[in-house]
Structures are given as structure tokens and as C-alpha cells.
1. Inside the stretch 208-324, counting only strands (runs of 3 or more DSSP E) that do not spill past its ends, which hold 2 or more residues that are surrounded by 23 or more Cβ atoms within 10 Å (Cβ to Cβ), within 21 Å of the chain's Cα centre (by Cα) and in contact (Cβ under 8 Å) with a residue 24 or more places away in the chain?
2. Of all the residues that make up the stretch 171-207, how many are in contact (Cβ under 8 Å) with a residue 60 or more places away in the chain, within 21 Å of Ala330 (Cβ to Cβ) and within 13 Å of the ligand (Cβ to nearest atom)?
3. Report, by residue number, each residue of the stretch 333-359 that is closer than 20 Å to Phe196 by Cα and either near the ligand (Cβ under 9 Å from one of its atoms) or outside the structural domain of Pro236 (by the TED database) (or both).
4. Applying the selection to the stretch 83-118, what residues are over 26 Å from Arg298 (Cα atoms), part of a helix (DSSP H, G or I) and either in contact with a Phe, Trp or Tyr (Cβ under 9 Å, 6 or more places away or on another chain) or modelled with pLDDT under 50 (or both)?
5. In the stretch 159-176, is there at least one residue being within 20 Å of Ala224 (Cα to Cα) and part of a strand (DSSP E or B)?
6. So which pairs qualify, if the first residue must be in the stretch 111-136 and over 25 Å from Arg190 (Cβ atoms), the second must be at pLDDT below 95 and not β-branched (Val, Ile, Thr), the Cβ gap must be under 6 Å, and the two must be at least 6 apart or on different chains?
7. I'd like the full set of residues that are more than 20 Å from Tyr226 (Cα to Cα) and within 12 Å of the ligand (Cβ to nearest atom), limited to the stretch 248-279.
8. How do the pairs read when you match residues in the stretch 28-42 that are of a type in the set (D, E, K, R) with residues anywhere that are at pLDDT below 95, using Cβ under 6 Å and keeping only pairs 6 or more apart or on different chains?
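The values are calculated or read from the model by the stated rules, or taken from the named source; none is laboratory data. For clarity, every value in this text was computed on a predicted model and none was experimentally measured. Cβ atoms come from the backbone with ideal geometry, glycine included; neighbour counts cover every protein chain shown.
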Amino acid sequence: MRASQEDFESAMNQVKLLKKDPGNEVKLRLYALYKQATEGPCNMPKPGVFDFINKAKWDAWNALGSLPKETARQNYVDLVSSLTSSSEPSSQVKPGADRGQQEYENLVVTSEDGITKIMFNRPTRKNAISTQMYQEIMLALKAASKDDSTITVVTGNGDYYCSGNDLANFTDIPPGGVEEKAKQSAIMLRDFVGTFIDFPKPLVAVVNGPAVGISVTILGLFDAVYASDRATFHTPFSHLGLSPEGCASYTFPKIMGPAKATEMLIFGKKLTAGEACAQGLVTEVFPDSTFQKEVWTRLKAYSKLPPNSMRISKQVIRNMEKEKLHAVNAEESSVLQERWLSDECINATMNFLSKKAKL
Ligand SMILES: CCCCC/C=C/C(=O)SCCNC(=O)CCNC(=O)[C@H](O)C(C)(C)COP(=O)(O)OP(=O)(O)OC[C@H]1O[C@@H](n2cnc3c(N)ncnc32)[C@H](O)[C@@H]1OP(=O)(O)O
């Protein structure tokens, strides 16, 4: 159910009553969501570099891009409710407030040993990516691109790495109807994938378990992918009446050849970690029993390499492709905008949500 104006106003009052200071990062996020919910996208001139406070506020608001007012209002209400409630499921890792990190509702982000770790944290939903989580991942990546870590790692909490797009995202229909929803989703998708294309530091995926949909396709934009032998890689787009995103229509044929890419992206063949490694999507596979220890030992060693050199090497390797990747991303998002309105997609989503079908 979408948050009403009344819910929004009540959340604003609750913020004033918070007993504990939520910290600057959360306050900035609240500010940004409030502005987006009440005024829409940021079109104010950017404050000067020395106007630190107003610039931080502007950056936070501007980072929300074209997030619709209704979604911003909902996210504001959800964020306030997460600040006031203490009733999280016990399997959920608490965000790292005690470690001085920014708080996110669906992520745990930590920085240690030169590595910023962004961990998907919706284990009870197999880390499916909700609309809010897309925004949080973009924010976390933008923050990581500017922090003093040398490497950024993306991983999942629980038994799954990520089950892809949260299929319930499509049930939140704005007043403009399903066409408007498809348009908003295409914009969000383009911004989300664009953040990965532009990410400036070495980006590593630590794939702790099965990966589905968009969490698989964007692996083609990572610089290294380490997988547990429990991980699987599944892009069931045809089963869902969809088409590829995350630039996979370009990166997968390049990585594994068109024939293997067809099996994954059109026929929805699920790959084991070993198969994904043989096809070049995965860098190396580790036994699940030693996965975390071996991978983190290696990453800690890599994080001590000279950061500027690593950044520049990434630029040299990737920059020639950037323009092409942005064009592919725009095209895939626009094709999906149509697909989301198709009977094939609507029926597959309804079947999943009414528990008639799983992958
Ligand atoms: C806006 C940008 C869009 C970009 C385009 C992106 C496309 C994609 O990512 S396509 C891929 C979408 N993902 C799926 O279709 C996966 C759907 N999920 C499943 O088929 C299964 O849940 C499973 C195979 C991932 C896991 O099965 P199982 O081990 O049996 O676990 P449960 O099904 O019981 O899952 C627990 C709980 O979590 C809910 N859930 C899991 N994944 C999703 C999801 N992707 N979206 C929404 N909800 C999900 C699942 O429904 C269960 O909920 P409850 O029954 O209420 O406990």
C-alpha cells in the first residue's frame, strides 16, 4: 500500500521526536526524500564547492534523479519507520550504525582494510531488489566511489546472493497507471545500470549463493567475480516475458560468445558456478566451506595495491567501451518499458505473486 499524505506528515512529526540523532547521512537522505516528495527532482543550481552543507544537501537530493514524488514519499515514510522501529527479523543483519557507517534499510555497508563492502540485506526475500533498494545501491556506490577505499565489493547476506528484481515492484502502480509505472521503471533501471558503468574503482562481486536476473546481468560490468561453488547464475527473461538488461545483450555475447549467451539470455539456462567460470563470466570458484576466508584474504592483499594505479588501469581497460555501454543500457531499458506492458510479462508476474509459479 502506498503512503498517504497523512502518513507522510505523521512521519515528519516522528522525525522531530527521534530520541537518538540518526547521523548526518540519514539526515541527508531524509532531507533529499522530503524535497523530492514535495518539490520533485532537484533543479536548483549546484552550490559552490566551499558551501559544504548546502552542497551535501544538493548532492543527496540530486542523486534521487527522477524518482517519482509518490515513491519518495513512500521511501521517506519507510525510512522513518525503520528509525523508529526495532522489530527486525532475527536473521537480518543490523545495519552498521555501531561501526560508524551510513544506515540503509536493505543494505549493510562497511569499510575496512581499504575495502568498502556493500551487502544486500533482505535475506528473507532472497535479497530481491525492491524499488528502495535500487536507490540505496546507487547511493552506496556513489559514496564508495568517493570514499578512501581502494576496492568495492558487492555481496549478499544469507543463502542467496540475490534473486533479482523484486517482482512486487510492479504492484505499486502510480496515479498515471501502468504506462507511467513502466516509464518510471525504465528510468530507474537506466540510472541503476549507469551507476555500474561509471563506477571508477575496481568493483568485485563476491557471489555467496544463487544469483538471478539483474544481479547476474550486471556481473558483466564488474571487474572480478568470485563465486562459491553453491552459486548458480540464472537469467529467466523469456520465462518472465522480459528481455535482457544490465548491458548483458552486449557484454554476455562478448564474454562467452553469442551461442552461449543465447542459452542464458533467451532460453534461460541456469549455469553452475563452474560453468559460469568456464564461460568467462566468473573469475574463480571456491568451495563453499572456505569461500569467505579465501576470497577475503585475497581481496585484502589486492586492496593494498596502489589505488591510483588500479583506478587508472580500470579506466584504460573500460573507458573505450563506456559510450557504447550507455547506449546499450538506454536501448535495453526502452525495450523493457514495452515488455513490462505485455501480456506475457503481466501473466508471469501475476503467476509468481499469486504463488502459482517459481523459477
Ligand atoms: C525496475 C528494474 C527492473 C529490472 C529488470 C530485472 C529483471 C530481473 O531481475 S528478472 C528476475 C526476477 N526474479 C525472479 O523471477 C525470482 C523469483 N523468485 C523465485 O523464483 C524464488 O523465490 C527463488 C527461486 C528465487 C527462491 O525459491 P525458494 O528457495 O523456494 O524461496 P522462496 O520462493 O520461498 O523465497 C522466500 C520469499 O522471498 C520471496 N521472493 C524471492 N525472490 C523474490 C523476487 N525476486 N521478488 C519478490 N519476492 C521474492 C518469495 O516470494 C518468498 O516470499 P514468501 O512466500 O512471502 O515467504
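1. 224-228
2. Of the residues in the stretch 171-207, 13 are in contact (Cβ under 8 Å) with a residue 60 or more places away in the chain, within 21 Å of Ala330 (Cβ to Cβ) and within 13 Å of the ligand (Cβ to nearest atom).
3. Ser333, Leu336
4. Ala97, Asp98
5. Scanning the stretch 159-176 turns up at least one residue that is within 20 Å of Ala224 (Cα to Cα) and part of a strand (DSSP E or B).
6. Pro123/Ser91; Thr124/Pro89
7. Those that are more than 20 Å from Tyr226 (Cα to Cα) and within 12 Å of the ligand (Cβ to nearest atom): Leu265, Gly268.
8. Here the result reads Lys35/Trp61, each pair linking the stretch 28-42 to a residue that is at pLDDT below 95.
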